[in-house]
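To start, the structure itself, in structure tokens.
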Amino acid sequence: MTQDDFVIFWPTFQAIIADQQTYAIDPDISYDAAYQLWCQAPKATYVVKDAAGELVGSYYLKANAAGPGDHICNCGYMVTAAARGKGVARAMCEHSQQIAQTHGFKAMQFNAVVSTNEVAVALWQRLGFSIVGTVPNAYRHATQGLVNTHIMYKLL
């Protein structure tokens, strides 16, 4: 993802964070802090563009932990509102697993998949991820109050 791509992606990022249904990121995050979080801190950040060249999604890849835990990676995925339900998240997750292996990662872990995000939970399960733990009331959902988060894991 280039800086120019992030400028285009920023409204999607803002909308998803402001919605407070899937990401535990401060909804008042600044542009610069968001760019640091999504593009500079990870090992790599990718964009997906449709046939017309429009940005429809992005994901980052990073180590889930440091030192002796750096063989397991973590990813975050966001899809534009217009592209949801069209296989973009699936394509990004499949691509991220391939890229993760080229970086030497042995497994992928999602630390806090919001339980009410049933579409994502089901997709990750179809792609071979297992729920290995559930944290009760770990997320303050904007409309449903306190809900659980799942830790999901897949050996690559």
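When segment 5-20 is filtered for residues that are crowded, with 16+ Cβ neighbours inside 10 Å and outside any loop (DSSP other than H, G, I, E, B), the ones remaining, listed by number, are D5, F6, I8, F9, T12, F13, I16, I17. Considering the conditions (1) more than 17 Å from H95 (Cα to Cα); (2) open to solvent by 30 Å² or more (accessible area, probe 1.4 Å); (3) in contact with a helix residue (DSSP H, G or I) (Cβ under 6 Å, 6 or more places away or on another chain), V48 is excluded by exactly one of them, (1).
Of all residues in segment 62-90, those that are in contact (Cβ under 8 Å) with a residue 12 or more places away in the chain have Cβ atoms under 7 Å from Cβ atoms of residues that are among the basic types (K, R) and open to solvent by 50 Å² or more (accessible area, probe 1.4 Å), 6 or more apart or on another chain, in K62/K43; A63/K43; H71/K106; I72/K106; C73/K62; N74/K62. Can you work out which of the residues in segment 21-53 that are without any contact (Cβ under 8 Å) to a residue 12 or more places away in the chain and in a loop (DSSP other than H, G, I, E, B) is nearest to T143 (Cα to Cα)? So, considering only residues that are without any contact (Cβ under 8 Å) to a residue 12 or more places away in the chain and in a loop (DSSP other than H, G, I, E, B), the one nearest to T143 (Cα to Cα) is P27.
Residues that are open to solvent by 30 Å² or more (accessible area, probe 1.4 Å) and out of contact with any helix residue (DSSP H, G or I) (no Cβ under 7 Å at 6 or more places or on another chain): find the strands (runs of 3 or more DSSP E) completely inside segment 70-156 holding 2 or more of those. Result: 107-114, 130-141, 145-155.
The values are calculated or read from the model by the stated rules, or taken from the named source; none is laboratory data. Small disclaimer: the values here were computed from a predicted structure and weren't measured. With ideal geometry, Cβ positions are generated from the backbone for all residues, glycine too; neighbour counts draw on all protein chains shown. Heads up: the accessible areas ignore ligands, DNA and RNA and are worked out on the full protein's heavy atoms, side chains in. Shrake-Rupley method; radii C 1.70, N 1.55, O 1.52, S 1.80 Å.
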